[in-house]
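Okay, so here's the structure we're looking at.
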Amino acid sequence: MAQTAQLPRQADRRTVVAVGAMLVAVALVVSIGDPGRIAWVRTFFVIFGSLLIQALPFVLLGALAAALVEVFVPIGWFEKLGVLPRPLQLPAAAVAGVAFPICECGSVPVARRLMQRGLMPSAAVTFMLAAPVLNPVVIASTFVAFRGRTTLWTMVGGRFLLGMLVAIAVGWVIGNRSKDELLKPNPEEVDEHLLELGRPEARWRRFFVHLGNDFLFMGRYLLFGATIAAAIQTFLPTSLLTGLAERPAISIIAMMALAAALSLCSESDAFVAASFVQFGPSAMLEFLVFGPMVDLKLVSLYAGTFRRGFARTVVVVAAFATFVGTLWVGVAFG
């Protein structure tokens, strides 16, 4: 058991070492092979460093909030949504995400527990998709990332409203499916009453374990995403990025694919999106709304938690709803 518990931490360390080694190797190769391109390397590290400096405090804040929710907020609070009339459960579940700053990976097990506790599955799915987009840490990071730009309130308000609507749309498509139709059986699941911790000291120890693990988990994706974003901004021809950005539909699809591939945590993705200054608000919103709902790590989590077809439903509905919504943002704001 002890060896199994250390695997995620070892994976995080390997990720950090691999990214660091890759950065050093690139710098050495360029400096030795073509000293005239040192300016490129300098630009790359300036972009990479600025992304990390801006985003890391929000990753830490998100990990802190997620650990507090995990350890100190009773799951019964969520169950109160089940007493609402069915037409109100989806909007209420989406709005509940405002109060619970958990990342997209943390929202998946919470949604599973909510279904097992009797909450309507469509409402649990709505909460799962809305919380990583609507929570206050994410909205604050979006505000900081786009402050000083004319599109500030378009990005902040658009992310909030569009994220809520897309989450509700997916929940509506899920409809009246039961938890047995959605959830895979988990033979390793332990009765949560056996996990209750009676002493405050034990809860604080658990809190710091969650804090460290969440920060390392989210931090490795930030490292990877900042590396890719800095490389694209530095080494891809500006004319290519400008050409993509000038085609509204193509630019939205490109940012959607990039968000899925980078698999960033929602607390830091606004800084990466803001670095792509060639793209308009529609494409950036696609990145900010679609990424926390559908990316490579989430698809694997969906496949492991839910039955066959669920991940496909989320991908298709979220992609279509976000695409249509961001196109209208482009129509309204240019």
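The values are calculated or read from the model by the stated rules, or taken from the named source; none is laboratory data. Every value quoted in this text rests on a predicted model; they were computed, and no experiment measured them. Please note: Cβ atoms are built from the backbone with ideal geometry, for glycine as well, and neighbour counts cover all protein chains shown.
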Checklist outcome for this item: For the range 175-193, pairs from a residue that is among the acidic types (D, E) to a residue that is modelled with pLDDT of 85 or more, with Cβ under 7 Å and 6 or more apart or across chains, are E181/R307
Checklist entry - Any idea which of V294, V314 is modelled with pLDDT of 85 or more and in a helix (DSSP H, G or I)? => result V314
Next on the checklist: Criterion first (under 20 Å from S263 (Cβ atoms), modelled with pLDDT of 75 or more and in contact with a helix residue (DSSP H, G or I) (Cβ under 9 Å, 6 or more places away or on another chain)) does T234 satisfy it?
Outcome noted: no
Checklist entry - Pairs, please: C-beta under 9 Å, at least 6 apart or cross-chain, first residue more than 18 Å from L236 (Cα to Cα) and charged (D, E, K, R) and in the range 250-279, second part of a loop (DSSP other than H, G, I, E, B) and modelled with pLDDT under 85? => result E267/P101; E267/C103
Checklist entry - With respect to the numbered conditions (1) within 20 Å of the chain's Cα centre (by Cα); (2) under 26 Å from P57 (Cβ atoms), which one is the sole condition not fulfilled by A93? => result (2)
Item to check | Residue within the range 150-158 that is touching a Leu at 6+ places or on another chain (Cβ under 6 Å), buried (at least 22 other Cβ atoms within 10 Å of the Cβ) and part of a helix (DSSP H, G or I) present | outcome: yes
Next on the checklist: Six or more apart or on different chains, Cβ atoms under 9 Å: show the pairs whose first residue is in the range 293-318 and closer than 12 Å to V173 by Cβ and whose second is among the small types (G, A, S).
Outcome noted: F310/A303; V315/A260; V317/A169; A318/A167; A318/A169
Checklist entry - What do you reckon, is F235 closer than 26 Å to F48 by Cβ, in contact (Cβ under 8 Å) with a residue 60 or more places away in the chain and surrounded by fewer than 18 Cβ atoms within 10 Å (Cβ to Cβ)? => result yes
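Matching residues to (1) over 24 Å from G49 (Cα atoms); (2) of a type in the set (A, V, I, L, M):
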| position | (1), (2) |
| --- | --- |
| G225 | no, no |
| A229 | no, yes |
| E286 | yes, no |
| V289 | yes, yes |
| V294 | yes, yes |
| T305 | yes, no |
Checklist entry - For residues in the range 238-265 being hydrophobic (A, V, I, L, M, F, W, C) and not in a helix (DSSP H, G or I), which is farthest from F48 (Cα to Cα)? => result C265
Item to check | Search result, residues across the range 124-160 that are over 12 Å from the mean Cα position of the chain (by Cα) and among the small types (G, A, S) | outcome: A124, A140, S141, A145, G148, G157, G158
Checklist entry - Has the range 133-145 got at least one residue that is more than 24 Å from F271 (Cα to Cα), β-branched (V, I, T), touching a Ser or Thr at 6+ places or on another chain (Cβ under 8 Å) and crowded, with 16+ Cβ neighbours inside 10 Å? => result no
Next on the checklist: Against the definition (touching a residue at least 40 places away in the same chain (Cβ under 8 Å) and within 17 Å of the chain's Cα centre (by Cα)), how does V289 come out, yes or no?
Outcome noted: yes
Next on the checklist: So the check is Cβ under 8 Å with 6+ separation or different chains; which pairs have a first residue in the range 136-155 that's on the phi < 0 side of the Ramachandran plot and a second one that's of a type in the set (D, E, K, R) and not in a helix (DSSP H, G or I)?
Outcome noted: V137/E267; V138/E267; S141/E267; M155/R149
